[in-house]
1. Which of the residues that make up segment 115-127 are more than 14 Å from the ligand (Cβ to nearest atom) and either in contact with a helix residue (DSSP H, G or I) (Cβ under 8 Å, 6 or more places away or on another chain) or farther than 15 Å from Pro293 by Cβ (or both)?
2. So which residues in segment 139-156 are of a type outside the set (S, T, N, Q), touching a strand residue (DSSP E or B) at 6+ places or on another chain (Cβ under 9 Å) and within 16 Å of the ligand (Cβ to nearest atom), if there are any at all?
3. Filtering segment 397-422 down to residues that are touching a helix residue (DSSP H, G or I) at 6+ places or on another chain (Cβ under 8 Å), modelled with pLDDT of 95 or more and among the aliphatic types (A, V, I, L, M), which residue is surrounded by the most Cβ atoms within 10 Å (Cβ to Cβ)?
4. Would you check if Val189 is in contact (Cβ under 8 Å) with a residue 12 or more places away in the chain, among the β-branched types (Val, Ile, Thr) and closer than 23 Å to Glu328 by Cβ?
5. Does Ser164 qualify as being at pLDDT below 95, of a type outside the set (Phe, Trp, Tyr) and within 13 Å of the ligand (Cβ to nearest atom)?
6. Which members of segment 232-266 meet the condition of being of a type in the set (Val, Ile, Thr) and within 16 Å of the ligand (Cβ to nearest atom)?
7. When you scan segment 359-374, do you find a residue that is closer than 12 Å to Tyr57 by Cβ and within 22 Å of the chain's Cα centre (by Cα), even just one?
8. Quick check, is Leu228 free of Cβ contacts under 8 Å to residues at least 60 places away in the same chain, more than 15 Å from the ligand (Cβ to nearest atom), in contact with a Gly (Cβ under 8 Å, 6 or more places away or on another chain) and not aromatic (Phe, Trp, Tyr)?
Amino acid sequence: MIYKRSSALFAEAQKVIPGGVNSPVRAFNAVGGTPIFIEKAKGAYLHDADGNTFIDYIASWGPMILGHAHQPVIDAVVEKAKLGTSFGTPTEIETKIAELAVSMVPNIDMIRFVNSGTEACMSAVRLARGFTGKEKIIKFAGCYHGHSDSFLIQAGSGAVTFGSPNSPGVTQGTAKDTLLANYNDIEGVKTLIEANIGEIACIILEPVAGNMGCILPQDNFLQKLRTLCDEHNILLVFDEVMTGFRLAKGGVQELYNVKADIVTFGKVIGGGLPVGAFAARKEIMNHLAPLGPVYQAGTLSGNPLAMAAGLAMLTEINTNTDLFKSLEDKTEYLHNGITEALEKNNITHTINRQGSMISVHFTDVNVTDFETAVKGNNDTFKRFFHHMLDNGIYIAPSAFESWFLNDALSYEDLDKTIEAIASFKG
Ligand code: PMP
């Protein structure tokens, strides 16, 4: 593959945009090489500025579950744009998408739209604090909830110590209110709660994690968190920015039959436009301004183009009864193909999968949390990434990201992907 034009565009971009990108992972820092500048996309394919075509397994990091430039979504946006792009007033379409989302997701009565997953999670935590009158939160190592201050925290020493910031600019004061636990470690969560009795507003997690590869909750982890939350009057917040409307119509609450108190969304809910949302039962949502004292706002929140894209997307997901089965079948097919291809070449690996999320870890340990996720061989991953790219397959440029399948992928695309993997010698 030749990336001449992408290289030139990257050089120009670096002069005026830090690192040449508006979100760090796009810079290929973890894998080396020049990021590819995409010009257009359709269905399962990305087309770059040099005229190369790639089978896409990122799906814009999740939203494009039906494939790129999906016609009903494009039509909805184009039609809406003709009527004006933002009014800063209520519009009817906001209620329509809210009604639809509330009808699809269990245990929520009301939803508020924002502009990103970061905003959704930040607002959910503020709401949880406002509702409970408590200040601390528990998050899990390796779970990403956007870049707001409370979430950019890593462990100090041991699970019961206060967190310390892992980005300059996050204050110690903020960090001390974020307690860190290990994913799938219910005993660790209990210890944290006991050391902070009466102080924890919420536990937030990706109920199926996608930001340390794909990691599944083990051994009724979600149910056990629910029980602990009930016992201690703590709100359980499911960050379904990745999993919402992707793993099931009703997300992980439906899939695992566990009730969350607040749910956050992003990605699929906006059909590829900048949308996030958070939702809960009425009793909690009533605390939000203008009904209640917890402040939250947004000039472009509920933007008509974004709502049009989201409504078209959710309508399709709600009515396409085969979608989740079709995605799951494709992902299982890919899983089996990858296993066979890597085994043939004696490449040590572990594959995790849930629905249309899948990740390949170059380690033989069971990957169940952040600690085991980092055991993957990063050098192998880098070579694998570039091998795939050279073969026209675009996977995320980081070993800690899940692959997202989209329903425009054909079995021929999957076979081509498996064939590319089979020619990877490690
Ligand atoms: N939560 C999760 C689970 C995510 O995966 C992400 C983004 N990858 C976010 C929150 C933040 O969303 P955004 O990038 O839209 O701010």
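1. Of everything in segment 115-127, just one residue is more than 14 Å from the ligand (Cβ to nearest atom) and either in contact with a helix residue (DSSP H, G or I) (Cβ under 8 Å, 6 or more places away or on another chain) or farther than 15 Å from Pro293 by Cβ (or both), namely Leu127.
2. Lys139, Phe140, Ala141, Gly142, Cys143, Tyr144, His145, Gly146, Asp149, Phe151, Leu152, Ile153
3. Leu405
4. So Val189 fails the test.
5. No: the conditions fail for Ser164.
6. Matches in segment 232-266: Val237, Val241, Thr243, Val252, Ile262, Val263, Thr264.
7. Yes: one or more hits.
8. No.
The values are calculated or read from the model by the stated rules, or taken from the named source; none is laboratory data. From a predicted model like this one, the values you see are computed outputs, not experimental measurements. Every residue, glycine as well, gets a Cβ built from its backbone with ideal geometry; the counts of neighbours run over all protein chains shown.
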